[in-house]
C-alpha cells in the first residue's frame, strides 16, 4: 500500500505557533519544502524512493547524507564504512500496521439496550396518561410505559413528567397485544 504522503513527521511540527503535524502524521513534500523541514531530523521518508539512492560508487559523504535523510542515527552512520553504507538496504517507515479485524456489520447495540423496554415476549398493557390529579406512581408508570428509564422517572417531579413530550423523546408508545 502506497503512503498518502512522501514524508512522515518524526517530531511535532509547529507553524505560526500552532501544531501542524504530530509524530507519525503524513507530511506532503510541499510542506517539507515550504516549512524548510530537515529530512532525517523533522521528517522521515514514507517510502525509500522519496530520496534518490546514491549510485553504488558514490562518495561516503553522499551516502552519509542519504542515510541521515532516511532517519538513521548519526552515531550509527559515523561507525559505518562507505561500503557498509552502500550495502545497507533502506527500511520503509510508513508501512501501516494491519487494522484489527472488525466484524461486519457491527453488532446492533441499540437493539440490545432497548430490549428490556421493548421485550415482545412480555405482554404490554396500555397505560393511560394520568389526569390533573394524578399521583406520582401513576406518572412514573406512564413515563416508563412511554420509554423513559424507571430511575429517571422516579427522580423526576410530577410537573417534569407531565411536561415531557414523550413522542419527541421516546417515539410512539408500544402497541398492546390483543
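The values are calculated or read from the model by the stated rules, or taken from the named source; none is laboratory data. Quantities reported herein were computed from a predicted structural model and do not represent experimental measurements. Cβ coordinates were reconstructed from backbone atoms using ideal geometry, including for glycine residues, and neighbour counts include every protein chain displayed.
Some points to look at:
- Qualifying position, being under 23 Å from residue 80 (Cα atoms) and at pLDDT 85 or above, among 53, 60, 19: 60
- Pairs, first without any contact (Cβ under 8 Å) to a residue 24 or more places away in the chain in the range 9-24, second in a strand (DSSP E or B) and surrounded by 12 or more Cβ atoms within 10 Å (Cβ to Cβ), C-beta under 6 Å, six or more apart: 20/13; 21/9; 21/13; 21/27; 23/9
- Restricting the range 30-40 to residues that are part of a loop (DSSP other than H, G, I, E, B) and touching a strand residue (DSSP E or B) at 6+ places or on another chain (Cβ under 7 Å), the residue that is surrounded by the most Cβ atoms within 10 Å (Cβ to Cβ): 37
- The criterion of being surrounded by 15 or more Cβ atoms within 10 Å (Cβ to Cβ) and assigned by TED's automatic domain parsing to the domain that holds residue 82 holds for residue 43.
- Set 32, 39, 27: member being touching a helix residue (DSSP H, G or I) at 6+ places or on another chain (Cβ under 8 Å), more than 16 Å from residue 89 (Cβ to Cβ) and without any contact (Cβ under 8 Å) to a residue 60 or more places away in the chain: 39
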